[in-house]
Structure formats: structure tokens, C-alpha cells
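The values are calculated or read from the model by the stated rules, or taken from the named source; none is laboratory data. Keep in mind that what you see is a predicted model, and the values were worked out from it rather than measured. All Cβ positions, glycine included, derive from the backbone under ideal geometry; neighbour counts span all protein chains shown.
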Amino acid sequence: WRLSPAWKLSARARYAPSRYDDPTRSSDEAGLGTYADIRRGMGQLIAENSGRRLRGSSQLFFNAGRHAFYDGFESDDRSIGASTYQQYQAGRTFSVATGGEVLHYGGQANLDDVEHLLTTAGVYAVGMYSPVPFLHVRAGLRYQQHSLGLHDLAPNLGMSLTPVAGLRIYASMQSGFRHPTLRELYLFPSSNSSLSAERSRGYEAGVEYVFPRGSLRAALYRTDAEDMITALPLPVPPPPVRFENALDESLRGAEARLRYRIFSSLQLQLAWSTLDAGRLTAFNPAQQCKYMLLGAWGAAQLSLAGQYVQGLHAGNDKMLPMPDYHVLDVTAGWRFPHIEVYVKGRNVLDRHYAVLPGYPAPGAHYFAGVRYALDR
């Protein structure tokens, strides 16, 4: 609803019940079934404001769900909160963005039949300053408080230089934190209600060059993480493991990306990255290469997207090594007034691979569909 030229109000809601079988179970000797019954709903009330110097949005939201699985596990969860974001343009060279949120969340599972409820609230501010056209500086700070008794400060700082047209040199420092989840705190025997927050600080430096047919970017980065939550074996089980803030690690890597317009109707994107994750090898592949070819000829569109992954492990400390793989997807579409018809092929090379032991990825498969837009 457009309340005035400066204010807009909107509401969203969704309810999505679903029931499905677990395709990885080949037998059901106990007669438990293989189902999962999940019902989730959400709603948002959003107020957007736009003025000459001040613009932003504020919202109220909720999310709730119920889960039931074939092994007897059942749980209910819910969250309700509010957030706001505002950006103020003080002048041509300085702007500031501020915001905050409060979130009340929790749930109950039939493991202990105890309702666990938590609350967290935070505020932040980011300032952006350009004293001269070729220099841009960004600095910010976030403060977060949690009902677990946790208090966190997360500063960030960045600077970029554009010495010549099309060339940008940048460096940044980011810090962050992660509070323990309900599962890590209360669910299953491995939980630990005394956990504290994980913290990290990252550094990145890079260069980007934009030319008439595309752009090229390269960067180096490092992230130092401390008090990471990990499952440690207990000397006297049960339980066999318990979550603890017991891991500090540094991750180092490099990445590069090329975007190039071959013809007016054909574009190429290439991306490469390498990562030394130390002990944190779980789902952090050592090498990745992604490529995409996008073509558009009138109403017809065609895309090819591929990914090559090397040095993947499903566990930390290089445990559970997974085979390297190369996956290619193809999408073709045709646009007409109000209607789009598309055909998609996934893993068209029919590669046999997995990212988790015992859960093979689907082979080559195809599907088609039609989209209809009312507002075109």
C-alpha cells in the first residue's frame, strides 16, 4: 500500500506444509516408515520510507514450524522479532547507515519436553566517507547482546583507491561472531548449555580492473577464528562426544574472477579459488573453478554453468575425503509476452559424485516449466 510519496506499507505471509520420503533408506525392517512431515509458516509487515536524505525500512516478522520424523523425533519452533535499517545522506562525501533488531526465538522437542526460549538484540552503524574522488573509506561497529549473558562488539574497516579510471585497489578488515544454536545448547546428548560465542576476524586485499568488455578481479584473504564450537570425544561416554569452544584456526586463500563479453549477445564468466583451511577442512574444498556462458538471441536464452571441485572433505582434519568432481548444468528459455518457457538440465555429464558420505548426488536429470507474469 502506497500511503504517501515517502511511505509504503506491505505485508507477506506464507504457509508451506510438506511430507516426503527419505530416498537414502533402502529398507524399513522395523516398520517405522521413512517419512518427514514438516509444516512451516511465516509473516512480515514492512514499512519502507524514502526521503531526500533519509531512506530505509522497518519490519515486524514471525516464523514458526513443526517437524515430525519417522524415527519418532518431533519438535516445534517459533521466532518473532523486529528490525529497522536507515541510511542518511549527510552530503556528497559522507553518508551513514544505522540499524538494529531484536529477536525472540526458541522451541521444544520431545527429547526433553522442555521449552527453550532465547532473546538477542543488536545495533550497528556504518559510515562511508569520500574526502576526494579517488579515495573511499568505510568504518562500522556492531554491538550484540544475548540472553545467554553474551556481549559482542564487531568492528569493520575498509578503504579503496581508484588511481586511474577503471582500476580499484582495496583492503578491508571484518570481524564477526556466531552465537551457539539451540541444537548445540540443548538438543541431543552432545549439547552443552555453557557454550559461548565463536569469534572471527578477517583481512582481505585485492585489485579490480574494469575495461570496456568486462572486468577482472583478484584478491588475497585471511580469516582468524577462535573459540569455534566443535564436537570433542569424552574420555568416559556416554555421550561419546560433547560440544565445546575448543578450536582456533586460521584460513588463508586467494581468488580471481573474470567477466568478459565475447559478443553483444554472449558473455563469459570464470572464477577460481584456492583455500588452506588448516584443520577446518569440512566442506571447504582446496580448489574450485566455476565457469558460466550466457547467451541471448532475441526471445531465446541459453546458459551453461559448470563447477570443478578438488580436495573436498566431509570432516575436519582432512577426515572423510570425497572424490573430485565436475558438474555441468544447462538451461534454455524462450520469452514471450507474459510467458517464459524453459528447459533445465542438471548434471548433464552424468557424473557420479557426493559431497557427503552415503548421500550420492543425482545423476543427469531434466525438467521443464512455464512462468506466467501478471505485471509484464
Specify the residue that is surrounded by the fewest Cβ atoms within 10 Å (Cβ to Cβ); the eligible residues are those in the stretch 283-294 that are assigned to a strand (DSSP E or B) and of a type in the set (S, T, N, Q).
GLN287
Does ARG259 satisfy the condition of being closer than 30 Å to GLU204 by Cα and either part of a strand (DSSP E or B) or at pLDDT below 90 (or both)?
yes
Looking at LEU270, LEU280, LEU247, LEU232, can you tell me which residue is at pLDDT 95 or above and either farther than 30 Å from PHE336 by Cβ or crowded, with 17+ Cβ neighbours inside 10 Å (or both)?
LEU270
Restricting to the stretch 214-241, name every residue that is in a strand (DSSP E or B), β-branched (Val, Ile, Thr) and either more than 21 Å from the chain's Cα centre (by Cα) or under 24 Å from LEU185 (Cα atoms) (or both).
ILE229, THR230, VAL241
One residue from VAL132, VAL137, VAL114 being exposed (fewer than 14 other Cβ atoms within 10 Å of the Cβ), of a type in the set (Val, Ile, Thr) and within 30 Å of LEU216 (Cα to Cα):
VAL132
Subset of the stretch 321-347 [closer than 18 Å to LEU294 by Cβ and within 26 Å of the chain's Cα centre (by Cα)]:
VAL327, LEU328, ASP329, VAL330, THR331, LYS344, GLY345, ARG346
Tell me, please, whether a residue that is in a loop (DSSP other than H, G, I, E, B) and hydrophobic (A, V, I, L, M, F, W, C) can be found in the stretch 336-352.
yes
Among the residues of the stretch 193-229, write down those that are in contact with a Phe, Trp or Tyr (Cβ under 8 Å, 6 or more places away or on another chain), of a type in the set (D, E, K, R) and loosely packed, with under 15 Cβ neighbours inside 10 Å.
ARG213, ARG222
Out of the residues in the stretch 217-234 that are touching a residue at least 24 places away in the same chain (Cβ under 8 Å) and of a type in the set (A, V, I, L, M), state the one that is nearest to ARG259 (Cα to Cα).
ALA218
In the set GLY306, GLY363, GLY315, the lone residue that is within 26 Å of ARG252 (Cα to Cα), part of a loop (DSSP other than H, G, I, E, B) and either touching a Leu at 6+ places or on another chain (Cβ under 9 Å) or not β-branched (Val, Ile, Thr) (or both) is GLY315
Here is a list of conditions, (1) in contact with a Ser or Thr (Cβ under 9 Å, 6 or more places away or on another chain); (2) among the hydrophobic types (A, V, I, L, M, F, W, C); (3) crowded, with 16+ Cβ neighbours inside 10 Å, and MET322 meets all of them except one; can you say which number that is?
(1)
Take the stretch 55-78 and flag every residue that is over 16 Å from GLY100 (Cα atoms), of a type in the set (A, V, I, L, M, F, W, C) and not in a loop (DSSP other than H, G, I, E, B).
PHE62, ALA64, ALA68, PHE69
Just a yes or no: is a residue in the stretch 174-189 of a type in the set (Lys, Arg) and buried (at least 16 other Cβ atoms within 10 Å of the Cβ)?
no
Would you check if there is a residue in the stretch 55-65 being modelled with pLDDT of 90 or more, under 25 Å from PHE188 (Cα atoms) and not small (Gly, Ala, Ser)?
yes
Is it the case, given these coordinates, that ARG92 is without any contact (Cβ under 8 Å) to a residue 60 or more places away in the chain, farther than 27 Å from SER147 by Cβ and out of contact with any Gly (no Cβ under 7 Å at 6 or more places or on another chain)?
yes
Screening PHE188, PHE243 for residues that are farther than 26 Å from GLN288 by Cβ, in contact with a helix residue (DSSP H, G or I) (Cβ under 6 Å, 6 or more places away or on another chain) and hydrophobic (A, V, I, L, M, F, W, C) leaves only PHE243
Which members of the stretch 72-82 meet the condition of being surrounded by 16 or more Cβ atoms within 10 Å (Cβ to Cβ) and either touching a Ser or Thr at 6+ places or on another chain (Cβ under 9 Å) or closer than 16 Å to SER57 by Cβ (or both)?
GLY81
For residues that are in a loop (DSSP other than H, G, I, E, B) and surrounded by 15 or more Cβ atoms within 10 Å (Cβ to Cβ), tally how many sit in the stretch 39-54.
0
